[in-house]
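Engineer: My questions will all concern the structure given below.
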Amino acid sequence: MGVRLRKLHLAGMNELLAGIVGGLGLFIVGMWILTENLKALASRRLRVAAGRWTRNRFSAFAWGALAGAATQSMTAMTFIVVSILRSGLVTTRGALALVLGGTLGVSVLVVIVTFDIKVVSLYVLGLAGAAVASDRLAGFRPVAASFLGGAMIVLGLVLVKDAAAPLAEAPWFREMIDGTGDSLALAFLVAALLTFAVQSSSAVTIFGISLAAVGLLSVDQAIMIMYGSLIGSSAIVYALSAGLTGRSRQVSMYLVCYNVLICAVLVPLLYIEILLGVPLVKALALSLEFGLEQQLAAVYVFLCVFLLPVMLAGLGWSASVLQRLWPASASDALSRPRFLHDHASVDVETSVILVDLEQRRAMQDLSEYFEAVRRGERVWPLRAGMKKLLSEIAEFLDDLHERHPMHGIEEQNALRNRQKLLAWLEDSLGVMCETLADIDEQSAIGQLRRTICESVDGVLLALVDAAESGDPTDQAFAKRLTGDRGEMMRSLRTRFLQLDPPLRKFDLVNVLLVTNSVEEAFFLFAKIGKEFDPSPDDRAHVPHT
């Protein structure tokens with residue numbers, strides 16, 4: 001009999017853990033599906049529209065709330081806003097207002113899951129899954145997949161929530177909870193750690209609310225779990241944004257500081273309410289004519305909204321402080337288009353001229369990689385900005401083709417070909433300069449760093465000058481500088497490989513990376529030179545500006 005009871009107990013434990021683990025798995029996968037498909041839907045045209053919608057702080061807040069409700073992840077929402085900001089389609093203030101709106105939007109999920117919506121989520125899951133698998137509805141697949149991801153998120157959280165009731169009957173879990181002594185600090189810390197692990201404050205908050213609903217946690221602990229989840233969410237954003245600079249860093253740190261400010265205000269207020277009996281947030285929520293789950297969800301909504309009027313009023317001040325703490329970087333300047341704008345793709349002739357100007361500017365700005373090497377600075381932030389710019393140009397060309405598929409075909413094709421070459425050139429020069437930056441000037445190959453940096457940058461600038469001036473003499477000079485450098489690089493590799501004493505393995509790898517990149521770069525220089533100054537026989541109709 002005892003063995004049978006143990007087996008039943010283990011079976012119950014397995015089912016309980018399966019509900020929690022499976023629910024979290026559905027939630028995480030659903031979040032990924034939703035985020036990826038929303039990114040696919042976020043075309044350049046939509047981002048341009050977002051730029052127009054966010055010129056007013058209140059409209060930006062409203063659209064941010066809708067975006068937050070759609071993404072259900074402040075981490076994903078923040079980095080989508082960063083992407084729009086780096087495109088130059090929204091101001092810093094507009095981006096901050098979007099983030100504030102997003103904090104309100106993500107609270108919708110917590111409220112929804114406290115109600116019985118399992119049946120609705122299953123219907124949505126089935127219909128969206130069928131739409132995703134249908135070839136007839138292939139054009140609507142990103143939209144259907146977004147609904148599929150959203151349904152999986154809700155269903156996963158419902159499974160996690162439903163696992164709270166069996167936990168209340170598990171003696172080992174009740175003993176573990178009782179062993180904490182109703183510690184609010186421990187609830188705060190555990191919530192922060194769990195949020196960082198599962199990448200969602202909403203999931204941790206809902207689990208805390210569910211445990212309070214079945215009597216395993218006190219209301220005070222459930223509220224403290226909400227506050228701890230905000231700190232865990234801030235830790236996620238802080239960690240993921242460590243490589244960002246300038247305005248991108250400003251937006252991510254704004255969310256981090258906002259969450260910390262909420263906790264700095266509300267945690268002491270909770271202790272005042274508990275210790276002094278002053279009716280504050282908890283008393284207000286418990287006075288609502290709803291069940292305990294909905295009352296606690298109201299606390300979560302309150303913590304998302306109570307500072308919003310002050311934060312919206314102080315957007316200008318916040319932007320100024322963030323600018324001083326994380327000033328605009330060279331990467332920001334590289335990533336923002338200078339010539340492309342909202343209405344540029346309306347007219348083909350004008351669009352061709354503007355893309356041509358933007359491509360010439362991009363090629364010239366590649367010289368910044370070599371400047372970073374000379375200054376001993378990191379190259380990859382500049383590469384991130386340049387890649388963003390090239391992506392914007394490519395998306396602009398796609399939008400232009402979609403709007404005017406039969407107009408200016410030759411000009412559009414010429415610009416597309418040039419765009420591909422520029423993307424390859426960025427990759428080649430980026431790898432080269434990142435490798436050069438890693439070379440110690442005092443090492444055995446220190447001279448290689450200086451020689452390659454100056455010579456390749458000189459050729460790049462000569463090519464830029466020739467493209468800019470259109471002078472036949474400059475173009476002939478640039479043509480002589482570009483071309484095949486295979487034999488020269490092979491000779492250089494052989495010389496370094498035969499050094500006595502031999503080079504370290506690390507230095508040998510750097511020599512190979514640099515010389516291979518030089519070969520690729522000069523090959524591309526020659527190709528790009530022809531694109532900017534084609535011969536009369538194959539001249540494309542891209543205007544010289």
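The values are calculated or read from the model by the stated rules, or taken from the named source; none is laboratory data. Fair warning: this is a prediction, and the values are worked out from it, not measured in the lab. Note: ideal-geometry Cβ built from the backbone for every residue, glycine included; neighbour counts use all protein chains shown. Heads up: the accessible areas ignore ligands, DNA and RNA and are worked out on the full protein's heavy atoms, side chains in. Shrake-Rupley method; radii C 1.70, N 1.55, O 1.52, S 1.80 Å.
Engineer: Residues in region 433-452 that are in a loop (DSSP other than H, G, I, E, B) and small (Gly, Ala, Ser): how many?
Structural biologist: Final tally of qualifying residues: 2.
Engineer: For Cys257, state whether it is within 29 Å of Leu322 (Cα to Cα) and either at pLDDT below 90 or open to solvent by 60 Å² or more (accessible area, probe 1.4 Å) (or both). Explain how you work it out, then say what you get.
Structural biologist: Details: within 29 Å of Leu322 (Cα to Cα): yes; either at pLDDT below 90 or open to solvent by 60 Å² or more (accessible area, probe 1.4 Å) (or both): yes.
So Cys257 passes the test.
Per-residue answers, yes or no, for (1) assigned to a helix (DSSP H, G or I); (2) among the hydrophobic types (A, V, I, L, M, F, W, C); (3) at pLDDT 90 or above:
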site	(1), (2), (3)
Leu463	yes, yes, yes
Asp484	no, no, no
Pro501	no, no, no
Phe506	yes, yes, no
Leu513	yes, yes, yes
Ser517	yes, no, yes
Phe523	yes, yes, yes
Gly529	yes, no, no
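Engineer: Could you tell me which numbered condition Glu289 fails, if it satisfies all but one of (1) surrounded by fewer than 20 Cβ atoms within 10 Å (Cβ to Cβ); (2) under 28 Å from Gly64 (Cα atoms); (3) not hydrophobic (A, V, I, L, M, F, W, C)?
Structural biologist: Of everything listed in (1) surrounded by fewer than 20 Cβ atoms within 10 Å (Cβ to Cβ); (2) under 28 Å from Gly64 (Cα atoms); (3) not hydrophobic (A, V, I, L, M, F, W, C), Glu289 misses just condition (2).
Engineer: Now for a separate question. Give the number of residues within region 307-316 that are assigned to a loop (DSSP other than H, G, I, E, B) and of a type in the set (Gly, Ala, Ser).
Structural biologist: 1
Engineer: Okay, next question. Given the condition free of Cβ contacts under 8 Å to residues at least 24 places away in the same chain and more than 25 Å from the chain's Cα centre (by Cα), answer yes or no: does some residue in region 256-264 qualify?
Structural biologist: Yes, that holds for at least one residue.
Engineer: All but one of (1) closer than 20 Å to Ser83 by Cα; (2) open to solvent by less than 40 Å² (accessible area, probe 1.4 Å) hold for Gln323; state the number of the condition that does not hold.
Structural biologist: Exception for Gln323: condition (2).
Engineer: Just need a number here: residues in region 217-254 that are open to solvent by 30 Å² or more (accessible area, probe 1.4 Å), among the hydroxyl-bearing types (Ser, Thr, Tyr) and not in a helix (DSSP H, G or I).
Structural biologist: Going through region 217-254 one residue at a time, the tally reaches 2.
Engineer: A further question follows. Being of a type in the set (A, V, I, L, M), modelled with pLDDT of 85 or more and in contact with a Phe, Trp or Tyr (Cβ under 6 Å, 6 or more places away or on another chain) narrows it down to one of Leu125, Leu96, Leu104, so name that one.
Structural biologist: So the residue among Leu125, Leu96, Leu104 that is of a type in the set (A, V, I, L, M), modelled with pLDDT of 85 or more and in contact with a Phe, Trp or Tyr (Cβ under 6 Å, 6 or more places away or on another chain) is Leu96.
Engineer: When region 339-354 is examined, which residues are found to be open to solvent by 30 Å² or more (accessible area, probe 1.4 Å) and modelled with pLDDT of 85 or more?
Structural biologist: Result: Phe339, Glu349, Thr350, Ile353.
Engineer: May I ask you to verify whether Ser455 is open to solvent by less than 20 Å² (accessible area, probe 1.4 Å), assigned to a helix (DSSP H, G or I), among the hydroxyl-bearing types (Ser, Thr, Tyr) and under 24 Å from Ala437 (Cβ atoms)?
Structural biologist: no
Engineer: Hey, another quick one. Looking only at region 460-477, which residues are at negative phi and surrounded by fewer than 17 Cβ atoms within 10 Å (Cβ to Cβ)? Before you say what the answer is, go through the steps one by one.
Structural biologist: Step one: filter region 460-477 for residues at negative phi, giving 460-469, 471-477.
The answer is Leu461, Asp465, Glu468, Ser469, Asp471, Pro472, Thr473, Ala476, Phe477.
Engineer: Any residue in region 478-499 that is touching a residue at least 60 places away in the same chain (Cβ under 8 Å), small (Gly, Ala, Ser) and over 25 Å from Asp440 (Cβ atoms)?
Structural biologist: Checked against the condition, which is being touching a residue at least 60 places away in the same chain (Cβ under 8 Å), small (Gly, Ala, Ser) and over 25 Å from Asp440 (Cβ atoms), region 478-499 yields no hits at all.
Engineer: Quickly run through region 397-407 and pick out the residues that are touching a residue at least 60 places away in the same chain (Cβ under 8 Å) and farther than 14 Å from Asn417 by Cα.
Structural biologist: Of everything in region 397-407, just one residue is touching a residue at least 60 places away in the same chain (Cβ under 8 Å) and farther than 14 Å from Asn417 by Cα, namely Asp399.
Engineer: Do we find a residue being out of contact with any Phe, Trp or Tyr (no Cβ under 9 Å at 6 or more places or on another chain), aromatic (Phe, Trp, Tyr) and within 18 Å of Glu531 (Cβ to Cβ) anywhere in region 377-396?
Structural biologist: yes
Engineer: Those residues that are crowded, with 24+ Cβ neighbours inside 10 Å and in a loop (DSSP other than H, G, I, E, B), I need them from region 202-216; list them, please.
Structural biologist: none
Engineer: For region 158-170, does any single residue satisfy the condition of being charged (D, E, K, R), part of a helix (DSSP H, G or I), modelled with pLDDT of 85 or more and open to solvent by less than 50 Å² (accessible area, probe 1.4 Å)?
Structural biologist: No, there is no match, as no residue in region 158-170 is charged (D, E, K, R), part of a helix (DSSP H, G or I), modelled with pLDDT of 85 or more and open to solvent by less than 50 Å² (accessible area, probe 1.4 Å).
Engineer: Determine, yes or no, whether Thr54 is among the hydroxyl-bearing types (Ser, Thr, Tyr), more than 18 Å from the chain's Cα centre (by Cα) and either crowded, with 21+ Cβ neighbours inside 10 Å or at pLDDT below 85 (or both).
Structural biologist: For Thr54, the condition - among the hydroxyl-bearing types (Ser, Thr, Tyr), more than 18 Å from the chain's Cα centre (by Cα) and either crowded, with 21+ Cβ neighbours inside 10 Å or at pLDDT below 85 (or both) - is met.
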